[in-house]
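Here the structure comes first, spelled out in structure tokens, and everything after it is commentary.
The values are calculated or read from the model by the stated rules, or taken from the named source; none is laboratory data. For clarity, every value in this text was computed on a predicted model and none was experimentally measured. So basically every Cβ, Gly included, is an ideal-geometry build from the backbone, and we count neighbours across all protein chains shown. In case anyone asks, the SASA skips ligands and DNA or RNA and just uses the protein heavy atoms, side chains included. Shrake-Rupley method; radii C 1.70, N 1.55, O 1.52, S 1.80 Å.
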Amino acid sequence: MSKVSEKLRLTTSQAIIRWLSNQYIEIDGEELRVCGGGFGIFGHGNVTCLGEALNSVREELPLYRGQNEQSMGFAAAGYAKQWLRQRFMFCTASAGPGTSNLLTSAALAHANRLPMLLLCGDTYATRLPDPVLQQMENFGDPTFGVNDAFKPVVRYWDRISHPAQILSSLPNALATLLDPADCGPAFIGLPQDVQGWAYDYPAIWFEKKVHRIRRQAPDMAEIADAVALLKTARRPMIIAGGGVQYSRAVEELTSFAEAHRIPVVETIAGRANMLATHPLNIGPIGVTGSNSANAIAEQADVILAVGTRLQDFTTGSWTAFSREARFISINAARHDAVKHMSLPVVGDAKLSLEALAARAGGYSAPEAWTAEARGHRADWDAYVAKNVAPGNRPNSYAMAIGVVNDLCDPRDRVVAAAGGLPAEVTANWRTLAPGTVDVEFGFSCMGYEIAGAWGARIAQAQREPGQDTIVFIGDGSYMMLNSDVYSSVLSQKKLIILVLDNGGFAVINKLQNNSGNESFNNLIADCPTIPEPFGVDFEAHARAQGAIAETVANPAELGEAFKRAKAAEKTTVICMKVDAYEGWTKEGHTWWECGTQQVSDDPKVRAAHEDWESARPRQRQGV
């Protein structure tokens, strides 16, 4: 029998797992499984068949037991970020509510363009036992179920109704996960009966295959147009996004900026593209940015955007730039490259920057412009130094950030996601090494912090086991999703978690007040349905999950606790109260479009609306 005609009789679930375990990728000269394993919670919809298949490869594809399906997805996202989208994890959940709990995770991965494979239980293909436990019946379309809800939040979707279908579906899903332009989550629905159906698969299909992530070369005509426009610039600026890191183009970005003396600003996803001390790093841009970056953005005449989707927090809802400024956008994704009449360069960031450098010749930004940008950065650095310094004032997020920044190792990873901390980390963190900051602000999902950090630590332990993953989280996000404190202890994947307690959803309370509204239903103390407000003993709660935990009163005590956490062998949770009203970073903000009341009986609300709308004339409208 020829090799091509040789068959293996396997069930659908066995074939999926065998194929997945034989897919590899080459990273820095080393061949690794492209799938690093998975996160799973078993139920009747995935335990009998997929569970049996996974148990047979428990060494090749380690399965981490989840506590919550949503947090499993967040952990998979954190893992993929740490590996710069070169490796991914799968998530498996049972049919019905287990699977639907992954919807938010899929949306987060989609918004952040992160690979994640979802292998989820589904109702029976034969429909013979219908309606089954946890089935959502659609009376007008029996093929339409809960799993169809994933279609808007994944990049690839399929439901397997016959074992042979995985021969095409799995390669297509993996191609999506590894595509720089279309990268995002892939969903495969697995009906409970089909999982166990057997089929004679071609044996050759299961042979080891080594994948490479495509580097799309830019069109030379687009490069020529970009160079021509760049050479007209008197006040050029580079916006460095997260795509720079995913392209592994940090060195090319830095070299290009240095060769042409162009100031660089960073997006939230692009934080840690350049060291804080680099003379051309002018700071973070946008709503949660810096005075320095926003000052030069207002004046820039040609803006080279590299690997960014130009989200509103980057663009100040498109008020951060001069109306006359022209954009050149380098992006692997055509959809991102053409935004707001940008001159597009569709291609890999690394290759595109190299092509630009080869043709830009002796062009350099005027020295006076670069010097002005550096001056703005020096002023911002002075502000941050004062902002993070402890003093005769209430505890703040910025103080906690400053303490950790001073004591952490340069290669430690920092994770934040929602509430006020993403803005505070973005503004105040001084990057000590490239690629060490994960501020999840694509979907800005409360609860990502600890779960995403757990996934990041799993990846970090594979690459830099001697480093730490550090979590900044508010009390609101902690209460929303904290069970992976327990997961991190169980799996011996140490985290250092700072729970900064300001008594509720303080940043939204701030927005509420800034829009003229009275405090209502955000801080625990301002909820009319709570007769006797009280706080949570976060230290006791963390201890109950097996972590080391302590509560500190001030930044000095925080510093000593952080040193103990660094020396510890397992997850440590450090709790500190911060003020809900004082201590916010007040500088570095552009305008942000937020819906405010056009009509109200409250004069404060009307005044806030008028003040908010006064900046709208600066907004670029699609150009």
Take the residues in the stretch 370-402 that are touching a strand residue (DSSP E or B) at 6+ places or on another chain (Cβ under 8 Å) and closer than 25 Å to I238 by Cβ, then tell me which one is surrounded by the most Cβ atoms within 10 Å (Cβ to Cβ). A373
For the stretch 146-163, which residues satisfy the criterion of being farther than 22 Å from A109 by Cα and surrounded by 14 or more Cβ atoms within 10 Å (Cβ to Cβ)? I160, S161, P163
So N502 ticks every box in (1) surrounded by 18 or more Cβ atoms within 10 Å (Cβ to Cβ); (2) over 30 Å from W592 (Cα atoms) but one. Which box is left unticked? (2)
Is at least one residue of the stretch 457-480 farther than 18 Å from R564 by Cβ, under 15 Å from the mean Cα position of the chain (by Cα) and open to solvent by 10 Å² or more (accessible area, probe 1.4 Å)? yes
Would you mind telling me which numbered condition in (1) touching a residue at least 60 places away in the same chain (Cβ under 8 Å); (2) open to solvent by 30 Å² or more (accessible area, probe 1.4 Å); (3) aliphatic (A, V, I, L, M) A203 fails? (2)
Quick one: which strands (runs of 3 or more DSSP E) lie wholly within the stretch 1-73 and hold at least 3 residues that are within 30 Å of M446 (Cβ to Cβ)? 35-40, 63-65
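Confirm whether A95 is open to solvent by less than 40 Å² (accessible area, probe 1.4 Å), at pLDDT 95 or above and either of a type in the set (A, V, I, L, M) or farther than 30 Å from E26 by Cβ (or both). Talk me through it step by step, then tell me what you get.
Working: open to solvent by less than 40 Å² (accessible area, probe 1.4 Å): yes; at pLDDT 95 or above: no; either of a type in the set (A, V, I, L, M) or farther than 30 Å from E26 by Cβ (or both): yes.
It is false that A95 is open to solvent by less than 40 Å² (accessible area, probe 1.4 Å), at pLDDT 95 or above and either of a type in the set (A, V, I, L, M) or farther than 30 Å from E26 by Cβ (or both).
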Here are the criteria: (1) of a type in the set (G, A, S); (2) in a strand (DSSP E or B); (3) open to solvent by 10 Å² or more (accessible area, probe 1.4 Å). Tell me which single one S329 does not satisfy. (3)
Scan the stretch 351-369 residue by residue and report those that are open to solvent by less than 50 Å² (accessible area, probe 1.4 Å), assigned to a helix (DSSP H, G or I) and either of a type outside the set (A, V, I, L, M, F, W, C) or under 24 Å from K563 (Cβ atoms) (or both). S352
The lone exception for F74 - which of (1) out of contact with any strand residue (DSSP E or B) (no Cβ under 9 Å at 6 or more places or on another chain); (2) open to solvent by 10 Å² or more (accessible area, probe 1.4 Å) it fails: (2)
Among (1) of a type in the set (S, T, Y); (2) open to solvent by less than 10 Å² (accessible area, probe 1.4 Å); (3) assigned to a loop (DSSP other than H, G, I, E, B), there is one condition S444 misses while meeting the rest; what is its number? (2)
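Conditions (1) among the hydroxyl-bearing types (S, T, Y); (2) part of a loop (DSSP other than H, G, I, E, B); (3) in contact with a strand residue (DSSP E or B) (Cβ under 7 Å, 6 or more places away or on another chain), marked per residue:
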position: N513; (1), (2), (3): no, no, no
position: T529; (1), (2), (3): yes, yes, no
position: V573; (1), (2), (3): no, no, yes
position: Q597; (1), (2), (3): no, yes, no
Of everything in the stretch 417-441 that's part of a loop (DSSP other than H, G, I, E, B), small (G, A, S) and over 10 Å from the mean Cα position of the chain (by Cα), which residue is nearest to V244 (Cα to Cα)? G435
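Name the one entry in V287, V346, V302 that is of a type in the set (A, V, I, L, M), more than 12 Å from M237 (Cβ to Cβ) and either touching a Lys or Arg at 6+ places or on another chain (Cβ under 6 Å) or modelled with pLDDT under 95 (or both). If you could, list the steps in order and put the result at the bottom.
On the way: V287 fails: either touching a Lys or Arg at 6+ places or on another chain (Cβ under 6 Å) or modelled with pLDDT under 95 (or both); V302 fails: more than 12 Å from M237 (Cβ to Cβ).
Residue meeting the stated conditions: V346.
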In the stretch 289-312, how many are surrounded by 24 or more Cβ atoms within 10 Å (Cβ to Cβ) and either within 23 Å of A417 (Cα to Cα) or free of Cβ contacts under 8 Å to residues at least 40 places away in the same chain (or both)? 7
Give all pairs with beta carbons closer than 7 Å in which a residue from the stretch 332-358 that is free of Cβ contacts under 8 Å to residues at least 12 places away in the same chain meets a residue that is open to solvent by 10 Å² or more (accessible area, probe 1.4 Å) and not acidic (D, E); count only pairs at least 6 apart in sequence or on separate chains. A337/N331; A337/P344; A337/V346; V338/P344
Given the criteria under 25 Å from R413 (Cβ atoms), of a type outside the set (F, W, Y) and touching a residue at least 12 places away in the same chain (Cβ under 8 Å), does Q23 qualify? no
For the stretch 210-238: of the residues being farther than 19 Å from P180 by Cα and either at pLDDT below 95 or not in a helix (DSSP H, G or I) (or both), which is most open to solvent (accessible area, probe 1.4 Å)? R234
State whether the residues of the stretch 264-280 include one that is out of contact with any Lys or Arg (no Cβ under 7 Å at 6 or more places or on another chain), surrounded by fewer than 21 Cβ atoms within 10 Å (Cβ to Cβ) and charged (D, E, K, R). no
Scanning the stretch 548-602 residue by residue, those surrounded by 14 or more Cβ atoms within 10 Å (Cβ to Cβ), acidic (D, E) and touching a residue at least 40 places away in the same chain (Cβ under 8 Å) turn out to be D579, E587, E593
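Table: residues versus (1) under 30 Å from K386 (Cα atoms); (2) basic (K, R); (3) at pLDDT 95 or above.
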{"residue": "L523", "(1), (2), (3)": "yes, no, yes"}
{"residue": "P528", "(1), (2), (3)": "no, no, yes"}
{"residue": "A540", "(1), (2), (3)": "no, no, yes"}
{"residue": "E550", "(1), (2), (3)": "yes, no, yes"}
{"residue": "K570", "(1), (2), (3)": "no, yes, yes"}
{"residue": "K577", "(1), (2), (3)": "yes, yes, yes"}
{"residue": "E587", "(1), (2), (3)": "yes, no, yes"}
{"residue": "D602", "(1), (2), (3)": "no, no, yes"}
Quick one: what pairs do we get from the stretch 412-441, first residue under 20 Å from V250 (Cα atoms) and among the small types (G, A, S), second open to solvent by 10 Å² or more (accessible area, probe 1.4 Å) and assigned to a loop (DSSP other than H, G, I, E, B), C-beta under 6 Å, 6+ apart or different chains? A433/P410; A433/R411
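Does E539 satisfy the criteria of being assigned to a strand (DSSP E or B) and open to solvent by 20 Å² or more (accessible area, probe 1.4 Å)? Spell out the reasoning first.
Numbers: assigned to a strand (DSSP E or B): no; open to solvent by 20 Å² or more (accessible area, probe 1.4 Å): yes.
For E539, the condition - assigned to a strand (DSSP E or B) and open to solvent by 20 Å² or more (accessible area, probe 1.4 Å) - is not met.
Do we find that V403 is in a strand (DSSP E or B), on the phi < 0 side of the Ramachandran plot and touching a Phe, Trp or Tyr at 6+ places or on another chain (Cβ under 8 Å) in this structure?
no
Give the residues of the stretch 332-348 that are β-branched (V, I, T) and surrounded by fewer than 24 Cβ atoms within 10 Å (Cβ to Cβ), sorted by residue number.
Initial filter on the stretch 332-348 (β-branched (V, I, T)): 338, 345-346.
Once the filter is applied, which keeps residues that are β-branched (V, I, T) and surrounded by fewer than 24 Cβ atoms within 10 Å (Cβ to Cβ), the stretch 332-348 yields V338, V346.
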Looking for something over 18 Å from V227 (Cα atoms) and among the hydroxyl-bearing types (S, T, Y) - is there at least one such residue anywhere in the stretch 321-343? yes
Quick check: anything in the stretch 100-119 modelled with pLDDT of 95 or more, more than 28 Å from R271 (Cβ to Cβ), open to solvent by 10 Å² or more (accessible area, probe 1.4 Å) and among the charged types (D, E, K, R)? no
